[in-house]
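Colleague: Supplied in structure tokens, the structure appears directly below.
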Amino acid sequence: MATEKSWQARISEATDKLAQSFVESISYDRRLYKHDIDASVSHAWMLCGVGLITKAELSAIVDGLHSIGDDIDAGNFVFDESLEDIHMVIEDALIKRIGEPGKKLHTGRSRNDQVATDFCIWIYDAACDLQKQVADLQNAFITMAVRSHGIVMPSYTHMQRAQPIDAAAEMLAWTVMFEGDRKRLLQRQLKERMGQLPLGSGAIAGTSLPLDAGNVLCDREEFMEVAQSSIERTATRDEALDLLWMMTMTSMHLSRWAEQWIIYSTTEFSFIKIADKYTTSSSMMPQKRNPDMLELIRGRCGNVYGDLFALLTILKGLPIGYNRDLQEDKRIVFRAYDTVSSCLTMAAAIVNSANFVKENIEPTLDRGFLDATSLAEYLVTKGIPFRTAHHIVGSLVAHCEKTGRHALKQVPVQEFNDAIAGHKLDVKLDDDVYNCLGAHNVVKRYQSAGAAGGKPLEEALAKWKERLGM
Ligand code: ARG
């Protein structure tokens, strides 16, 4: 049986059944029940503070709201679709439970400022939760960096072999990338945007009642100031877009990482092994071991991009003031949150299960002339201008290829000196040159800030380990 809506007096007939289920949001905004109750308790305290309700009414309202929250927590609550959304459902239940005082809760308030308030509180909590999940994923990377430290592997630019790195450095690269996400989620922009309290803005124009938004402010950490414009505050969803954008960035980072590990898991690379429990096989090809979870992390990034564009597109056509289109905001942001949150959890589990396969990486290190840049830099330390050194090493690599050698360390010192001689330089190399050759030697020699080996890597690892209390 449908319950009568708070606004029914104006409308001559009951809402059409199809229209009812078309317009409802209770099926998904019930997720805001704690936030709605919380905001209502703050509003009731403020109403009491300005004398619009008595202390006895306040305590009836607060107790009633808490009893509703307890029943929802316990699964003993029926959400009536005919009441459209969480705001009407809770208000209706309150009036049924406590009678007359319940009818005073909506004083000076509209669902428009109510939903904006609830959603801001939810967004604030969501940003805090995501930030913790990102930190968990970073911790998985740091732990993997520690157990992979000392494994030397190639790095790639253009997917071509570039310079050798310590495997730990690549794990820290992801850690640093996700640190940007974590900081973004905590950043001032979101807090500042959320800083304006919508309560008191009413439906659009404010209220003639003597509400005291400042009083609510003292009570809530999510908000830092009262609304600057009641019209704007009830019309905007910019804080939802801020969160969506941040989630989009995180998804993109997750997708890049997933792509990298999908490549590393191929037979051609075989650089990384993830646990069997995070793979699937094929219904037809018995040998298959597929990284489906990684592929879904990569694929679901597309959904999150879509969610960002869905909300941007909904907002672009809206005149200022509340429009029902705005109700779609929650469906979109909840969906994106659930996607990103589950991808983060899945990613951390996969990283915790994974190991670099040293036996497969090691034999390949002598391919691709990973130490060519190191040799050029060695020549610089002998007084040769870098551009000339680059030229000399380039011709040495070509020389190796012509003479059937696959690594620079196979070149005799005499041939290094022959290559230098053509440039009329007063430089003569001896056996010391071999100390800058070979992937393992190269990795030890890095010195610049953030470098993928040597002392900078030791320092970075120590810093991140400290965060983990390792
Ligand atoms: N369920 C609505 C939403 O999520 C609440 C606001 C409804 N306001 C209104 N004037 N119909 O946006």
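The values are calculated or read from the model by the stated rules, or taken from the named source; none is laboratory data. This structure is a prediction, so every number in the text was calculated from the model and none was measured. Note: ideal-geometry Cβ built from the backbone for every residue, glycine included; neighbour counts use all protein chains shown. Just so you know, the surface numbers come from the protein's heavy atoms only, side chains and all, with ligands and any DNA or RNA stripped out. Shrake-Rupley method; radii C 1.70, N 1.55, O 1.52, S 1.80 Å.
Colleague: Taking Glu91 as meeting all but one of (1) outside any helix (DSSP H, G or I); (2) within 16 Å of the ligand (Cβ to nearest atom), write down the number of the exception.
Modeller: Of everything listed in (1) outside any helix (DSSP H, G or I); (2) within 16 Å of the ligand (Cβ to nearest atom), Glu91 misses just condition (1).
Colleague: Same structure again: Does the stretch 280-301 contain any residue that is of a type in the set (Gly, Ala, Ser) and either closer than 30 Å to Arg30 by Cβ or at pLDDT 95 or above (or both)? Working first, answer last.
Modeller: Taking the stretch 280-301 and keeping what is of a type in the set (Gly, Ala, Ser), we get 281-283, 299.
Right, trim to either closer than 30 Å to Arg30 by Cβ or at pLDDT 95 or above (or both) and you get 299.
Yes, the stretch 280-301 has at least one match.
Colleague: If a residue must be surrounded by 13 or more Cβ atoms within 10 Å (Cβ to Cβ), assigned to a helix (DSSP H, G or I) and within 16 Å of the ligand (Cβ to nearest atom), how many such residues does the stretch 277-324 contain?
Modeller: So the count comes out to 4.
Listed here are the residues, each with its yes/no results for (1) over 18 Å from Ala213 (Cα atoms); (2) under 32 Å from the mean Cα position of the chain (by Cα); (3) open to solvent by 70 Å² or more (accessible area, probe 1.4 Å); (4) touching a residue at least 12 places away in the same chain (Cβ under 8 Å).
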position: Asp36; (1), (2), (3), (4): no, yes, no, yes
position: Ile61; (1), (2), (3), (4): yes, no, no, yes
position: Glu91; (1), (2), (3), (4): yes, no, no, yes
position: Thr107; (1), (2), (3), (4): no, no, no, yes
position: Ser110; (1), (2), (3), (4): no, no, no, yes
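Colleague: Is there any pair linking a residue in the stretch 369-388 that is of a type in the set (Ser, Thr, Tyr) to one that is open to solvent by 10 Å² or more (accessible area, probe 1.4 Å) and in a loop (DSSP other than H, G, I, E, B), with Cβ under 7 Å and at least six apart or on different chains, and which?
Modeller: Thr388/His423
Colleague: If only one of Asn303, Asn323, Asn352 is under 15 Å from Met249 (Cα atoms) and of a type outside the set (A, V, I, L, M, F, W, C), which one is it? Even if it seems obvious, please write down each step before you answer.
Modeller: Details: Asn323 fails: under 15 Å from Met249 (Cα atoms); Asn352 fails: under 15 Å from Met249 (Cα atoms).
Unique residue meeting the criteria: Asn303.
Colleague: What pairs come up if the first residue lies in the stretch 262-283 and is within 13 Å of Glu295 (Cα to Cα), the second is of a type in the set (D, E, K, R) and outside any loop (DSSP other than H, G, I, E, B), and their beta carbons are under 8 Å apart, counting only those six or more places apart or on different chains?
Modeller: Cβ pairs passing all conditions: Ile262/Glu295; Ile262/Arg298; Ser265/Lys273; Thr279/Asp292; Thr280/Asp292.
Colleague: Taking the stated definitions as given, is Arg335 out of contact with any Leu (no Cβ under 9 Å at 6 or more places or on another chain), modelled with pLDDT of 95 or more and within 30 Å of Ala205 (Cβ to Cβ)? Break it down stepwise before answering.
Modeller: On the way: out of contact with any Leu (no Cβ under 9 Å at 6 or more places or on another chain): yes; modelled with pLDDT of 95 or more: yes; within 30 Å of Ala205 (Cβ to Cβ): no.
So Arg335 does not fit the description; no.
Colleague: Report, by residue number, each residue of the stretch 215-245 that is more than 16 Å from Gln114 (Cβ to Cβ) and under 23 Å from the mean Cα position of the chain (by Cα).
Modeller: Glu221, Asp238, Leu241, Asp242, Leu243, Leu244, Trp245 - these are the residues of the stretch 215-245 that are more than 16 Å from Gln114 (Cβ to Cβ) and under 23 Å from the mean Cα position of the chain (by Cα).
Colleague: Among the listed residues Asp329, Asp371, identify the single one that is over 16 Å from the mean Cα position of the chain (by Cα), acidic (Asp, Glu), at pLDDT 95 or above and farther than 30 Å from Gln260 by Cβ. Quick ask: steps written out before the conclusion?
Modeller: On the way: Asp371 fails: farther than 30 Å from Gln260 by Cβ.
Selected residue: Asp329, the only one of Asp329, Asp371 that is over 16 Å from the mean Cα position of the chain (by Cα), acidic (Asp, Glu), at pLDDT 95 or above and farther than 30 Å from Gln260 by Cβ.
Colleague: Further question on the same structure: Mind listing just one residue for me: the one in the stretch 335-372 that is open to solvent by 10 Å² or more (accessible area, probe 1.4 Å) and more than 29 Å from Ala275 (Cα to Cα) and, of those, nearest to the ligand (Cβ to nearest atom)?
Modeller: Only one residue tops the list, namely Gly368.
Colleague: I've got another one for you. Report yes if some residue within the stretch 208-216 is in contact with a strand residue (DSSP E or B) (Cβ under 8 Å, 6 or more places away or on another chain) and open to solvent by less than 10 Å² (accessible area, probe 1.4 Å); otherwise report no.
Modeller: Applying the first criterion (in contact with a strand residue (DSSP E or B) (Cβ under 8 Å, 6 or more places away or on another chain)) to the stretch 208-216 yields 213-214, 216.
Within this subset, residues satisfying the condition of being open to solvent by less than 10 Å² (accessible area, probe 1.4 Å) are 216.
The answer is yes; a qualifying residue exists.
Colleague: Here is a follow-up. Ala348 - would you say it is over 26 Å from Arg111 (Cβ atoms) and in contact (Cβ under 8 Å) with a residue 12 or more places away in the chain? Give the derivation first.
Modeller: On the way: over 26 Å from Arg111 (Cβ atoms): yes; in contact (Cβ under 8 Å) with a residue 12 or more places away in the chain: yes.
Yes.
Colleague: To continue, here is another question. Which residues, taken from the stretch 218-247, are open to solvent by 10 Å² or more (accessible area, probe 1.4 Å) and part of a helix (DSSP H, G or I)?
Modeller: Passing the criteria: Cys218, Asp219, Ser230, Ile231, Glu232, Ala235, Asp238, Leu241, Asp242, Trp245.
Colleague: Right, here's the next one. Just to check your reading of the model, which residue among Ala135, Ala168, Ala140, Ala162 is assigned to a strand (DSSP E or B), in contact (Cβ under 8 Å) with a residue 24 or more places away in the chain and either surrounded by fewer than 23 Cβ atoms within 10 Å (Cβ to Cβ) or away from the ligand (no atom under 14 Å from the Cβ) (or both)? Step through it out loud before you land on a result.
Modeller: Working: Ala135 fails: assigned to a strand (DSSP E or B); Ala168 fails: assigned to a strand (DSSP E or B); Ala140 fails: assigned to a strand (DSSP E or B).
Answer to the check: Ala162.
Colleague: Is there a residue in the stretch 352-364 that is assigned to a helix (DSSP H, G or I), touching a residue at least 60 places away in the same chain (Cβ under 8 Å) and among the basic types (Lys, Arg)?
Modeller: Just the residues of the stretch 352-364 that are assigned to a helix (DSSP H, G or I), to begin with: 352-353, 358-364.
Narrowing further to those that are touching a residue at least 60 places away in the same chain (Cβ under 8 Å): 352-353, 358, 360-362, 364.
Subset that is among the basic types (Lys, Arg): 358.
Yes.
Colleague: Please tell me if Asn112 is of a type in the set (S, T, N, Q) and in contact with an Asp or Glu (Cβ under 9 Å, 6 or more places away or on another chain).
Modeller: On the way: of a type in the set (S, T, N, Q): yes; in contact with an Asp or Glu (Cβ under 9 Å, 6 or more places away or on another chain): no.
Spelling it out, it is not the case that Asn112 is of a type in the set (S, T, N, Q) and in contact with an Asp or Glu (Cβ under 9 Å, 6 or more places away or on another chain).
Colleague: Another question, then. Please specify each residue of the stretch 49-66 satisfying the condition of being over 14 Å from Leu105 (Cβ atoms) and of a type in the set (Ser, Thr, Tyr).
Modeller: Once the filter is applied, which keeps residues that are over 14 Å from Leu105 (Cβ atoms) and of a type in the set (Ser, Thr, Tyr), the stretch 49-66 yields nothing.
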